[in-house]
1. On the basis of being modelled with pLDDT of 90 or more and either surrounded by 12 or more Cβ atoms within 10 Å (Cβ to Cβ) or closer than 18 Å to Arg20 by Cα (or both), does Arg89 make the cut?
2. Go through the stretch 58-81 residue by residue and tally those that are outside any strand (DSSP E or B) and either within 16 Å of Ser44 (Cα to Cα) or not polar (S, T, N, Q) (or both).
3. Look at the stretch 28-69 and say how many of its residues are over 18 Å from Glu80 (Cα atoms) and surrounded by 15 or more Cβ atoms within 10 Å (Cβ to Cβ).
4. Return only the number of the condition from (1) at pLDDT below 95; (2) surrounded by 12 or more Cβ atoms within 10 Å (Cβ to Cβ) that Ala94 does not satisfy.
5. Determine the pairs where a residue that is within 13 Å of Phe21 (Cα to Cα) and without any contact (Cβ under 8 Å) to a residue 12 or more places away in the chain, located within the stretch 37-51, has a partner that is assigned to a strand (DSSP E or B) and not aliphatic (A, V, I, L, M) with Cβ atoms under 8 Å apart, the partner being 6 or more residues away or on another chain.
Amino acid sequence: MSSLAFRQQALQADRRRNARFTTEIPVTLQTVLGNRQGRISNISDRGAMIEVSSPPPENIAACLILGEEELFCTVVWSNEDACGVEFDRAIGDAKLAEIAGEELEQQRERGPVANVGNIQPGRKRGRLVAGG
């Protein structure tokens, strides 16, 4: 694996530090390019993945509308049928619980999300436990 590919993989893992919760919430994504109807397929307190036809391009400011709630965000990635947004401000546990519902409680029961940065590349857990 090249150095660039390794750094990109590390950055991707770093972005996933926060627990993500699977949802199917209908939303409107507003940008200067127009409104798009879609749904949140997963959400964390820092961002969300929106399934939407003709998603906006990366680095565009947006407003995610969930009922009466408006969350200001920036599109950080985009493909043919979805995009990822990062919220301007973390929404916090209370708002996340309101949006994600019982998924948040189930995650808390399972425990914290592993920090991928603590896993040494190329070593298997079994060898660490067995002293191998």
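The values are calculated or read from the model by the stated rules, or taken from the named source; none is laboratory data. Bear in mind the structure is a predicted one, so any value in this text is a computation, not a measurement. Positions of Cβ are backbone-derived with ideal geometry, glycine not excepted, and every protein chain shown enters the neighbour counts.
1. Working: modelled with pLDDT of 90 or more: yes; either surrounded by 12 or more Cβ atoms within 10 Å (Cβ to Cβ) or closer than 18 Å to Arg20 by Cα (or both): yes.
The answer is yes for Arg89.
2. Within the stretch 58-81, residues that are outside any strand (DSSP E or B) and either within 16 Å of Ser44 (Cα to Cα) or not polar (S, T, N, Q) (or both) number 6.
3. 9
4. Every condition holds for Ala94 apart from (2).
5. Going by the 8 Å Cβ cut-off, there are no qualifying pairs.
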